[in-house]
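The values are calculated or read from the model by the stated rules, or taken from the named source; none is laboratory data. Computed from a prediction, not measured in an experiment: that's the story for all the values here. Glycine gets a Cβ as well: all are built from the backbone with ideal geometry, and neighbour counts include every protein chain shown. Calculation scope for accessible area: heavy atoms of the full protein, side chains included, ligands and nucleic acids excluded. Shrake-Rupley method; radii C 1.70, N 1.55, O 1.52, S 1.80 Å.
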Amino acid sequence: MMSSWWSKRNLFFFALVLLAAKLWLVSSHYVMVREAPHDDKLFITQAYHLLSGNWLGPYDQFVMIKGPFYPLFIALAWWLNIPLLTAQQLLYWLAALAAVWAVYPVVQKKWLLPLLFAFLLLNPFSYNYPGVGRIFREFVYASLGLLVFACYLGLHVRFNSSWKRASIWSAGAGIALAAFWHTREESIWLVPVLFLLMLPGLLHLRRDRIAVLLGLYLLPWLILLAAHFTLKSINASQYGVPAVIELRTDEFESAYGGLLRIKSDKWRQFYPVVQDVREKAYAVSPAFSELKPHLEGGAGQNWKNLAGSDDIPAAFFIWAFRDAVAAAGHAKNGTDALQFYATIGQEIDQACESGKLECQTRVTSLVPSWHQDYNKLLLPTFFDVLQQEATFSNLLISKNETSFAFKSTMLLYASVLWDKLLPTQLKDIEAKPEYYRRLNKEKRKILLDIGKGYKKMMPLLFIAALAFFLFRAINSIRKRELSLFTAASAAALTGTCAVAFILTLLAITSYSEIQRPMQSVYPMVLLFIVSTILDAFSFTEQKSIMPEQG
């Protein structure tokens, strides 16, 4: 009876009601303004230039350091007259709804779907303040990852019943994948996730439909490639840099990777280009020596002060390096900058090959080289990161925050966003009427209580889901069959572990503050639990799930 009542129309109506309730709860959130030229202010500035018809703005050391989708999203929200924080909640709502909508045809007990939707939607990291109050790309990135996952599920479920419906889900996956890929730079972790989602369809493929299925599976990647080459062409035209992100160009990787491969006499964890490495590079590279007055002077000192250190750590060195290049006059246009980076790389490589410098083999060009002392840290750090992901232990809902910015930056934010901006003075917040502050306090308390509930539930749910998944995986191997929900569980768990591995490398080699990039994985953790719940209820009668009538 309950299952028959949950038609698609009623499920959608329930989703709308839950959306309205969540938007009311998070309406107390203000945008926090910050003077962060590599994060908040960068995205706002780029959105301002997009709205002004100037692409991402004039070339400098900042303009091509990060993927362009988030400023495009900010500009779109302004154009649609939607506050950015609301637009981000709407995107996450769409992704959560798509996840349950995708499997609707193959779920027998429909009453589970609204519960699982609520479980996804009320993910506490979707309202974890102040994180969601900053102009950070992580929330949008997490939502897009969830949406790509959902679209691949929807594609598989509907393939045999209606290739037209499947093509809609395939196109949706392509649009979401293109946006996801150009939001953050480590998106490669999603590739094995999507392969596992495709596996049931490939294993049960009918010969007469091979071409159609492969076409539907490939369409998202074709859309991604089209978007990628379009962005590269625009950047080549605007800046003379034929890349989406300048940090990924051969020229920049040659220079930065060259610095990373020089062996240090004073090795320190988190400091891949310590001062003695820089001194060695100055001696053999005339181009790099042009940066010495800046790296060892004002630009470098600013980053040392920010880090509270006597040297420039890995988290900041890449920005200090680019600041020094700009200060030396080599960031006036993209062509000149690339040539300068290429020259540094060539000079360092020649010194390494001639024996003037003692160097390591070039393995990577952006991540610090692996040191033998890291070996003993690998497994403990990985399991610690995985534990943080699975238990939601980093959840923190704060209050009494203020903006920290100049008036000009406040005006820049106001010109791009429809949101309320957090004042720079706490007294301006406290000056609000008592009923206003009391209501916002109650809203925050409700959100905090929901978050506390997740923190209590998640360890038990994750352990139970993992135990059941291992049982199903062993059973699938023994019977040589694979259900959709077992594959979905494997995919979500793979995504969780892949992100944990990336964050482990960062935590060991570069910086220990990984809470912010970790936000992208929480929907995957929830999807893992949701998929195992669906598997546990035997919606497919313990048989290999084939797409059913959608």
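Computed quantities for the displayed model
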item: Residue check, TYR256 in contact with a Leu (Cβ under 9 Å, 6 or more places away or on another chain), open to solvent by less than 50 Å² (accessible area, probe 1.4 Å), outside any loop (DSSP other than H, G, I, E, B) and closer than 27 Å to LEU505 by Cβ; result: yes
item: Residue in segment 401-418 that is surrounded by 12 or more Cβ atoms within 10 Å (Cβ to Cβ), of a type in the set (A, V, I, L, M) and within 24 Å of the chain's Cα centre (by Cα) present; result: yes
item: Subset of segment 339-392 [without any contact (Cβ under 8 Å) to a residue 24 or more places away in the chain and within 30 Å of PRO459 (Cα to Cα)]; result: ASN375, LYS376, LEU379, PRO380, PHE383, ASP384, GLN387
item: Of residues in segment 474-504 being free of Cβ contacts under 8 Å to residues at least 60 places away in the same chain and within 22 Å of the chain's Cα centre (by Cα), the one surrounded by the fewest Cβ atoms within 10 Å (Cβ to Cβ); result: LEU493
item: Meets criteria (open to solvent by less than 50 Å² (accessible area, probe 1.4 Å) and either in contact (Cβ under 8 Å) with a residue 12 or more places away in the chain or not hydroxyl-bearing (Ser, Thr, Tyr) (or both)) for LEU190; result: yes
item: Residue count, segment 277-302 (criterion: outside any loop (DSSP other than H, G, I, E, B) and either open to solvent by 30 Å² or more (accessible area, probe 1.4 Å) or within 24 Å of THR504 (Cα to Cα) (or both)); result: 12
item: Residues of segment 451-473 satisfying the condition of being hydrophobic (A, V, I, L, M, F, W, C), more than 14 Å from ILE529 (Cα to Cα) and either under 24 Å from the mean Cα position of the chain (by Cα) or open to solvent by 70 Å² or more (accessible area, probe 1.4 Å) (or both); result: PHE471
item: The lone exception for ASP419 - which of (1) free of Cβ contacts under 8 Å to residues at least 24 places away in the same chain; (2) in contact with a His (Cβ under 9 Å, 6 or more places away or on another chain) it fails; result: (1)
item: Subset of segment 212-246 that is in contact (Cβ under 8 Å) with a residue 60 or more places away in the chain and not in a helix (DSSP H, G or I) - its residue that is surrounded by the fewest Cβ atoms within 10 Å (Cβ to Cβ); result: GLY240
item: Qualifying residue in segment 312-333 (condition: over 17 Å from VAL284 (Cβ atoms), outside any helix (DSSP H, G or I) and touching a strand residue (DSSP E or B) at 6+ places or on another chain (Cβ under 8 Å)); result: yes
item: Any chance ARG209 is out of contact with any strand residue (DSSP E or B) (no Cβ under 8 Å at 6 or more places or on another chain), over 15 Å from ILE318 (Cβ atoms), open to solvent by 10 Å² or more (accessible area, probe 1.4 Å) and among the charged types (D, E, K, R); result: yes
item: Hits in segment 263-314 (condition: under 22 Å from GLN360 (Cβ atoms), over 33 Å from the mean Cα position of the chain (by Cα) and among the charged types (D, E, K, R)); result: ASP265, LYS266, ASP276, GLU279, LYS280
item: Checklist (1) farther than 27 Å from THR486 by Cβ; (2) modelled with pLDDT under 95 applied to LEU203, failing item; result: (1)
item: Meets criteria (surrounded by 19 or more Cβ atoms within 10 Å (Cβ to Cβ), of a type outside the set (D, E, K, R) and under 27 Å from GLN238 (Cα atoms)) for LEU338; result: yes
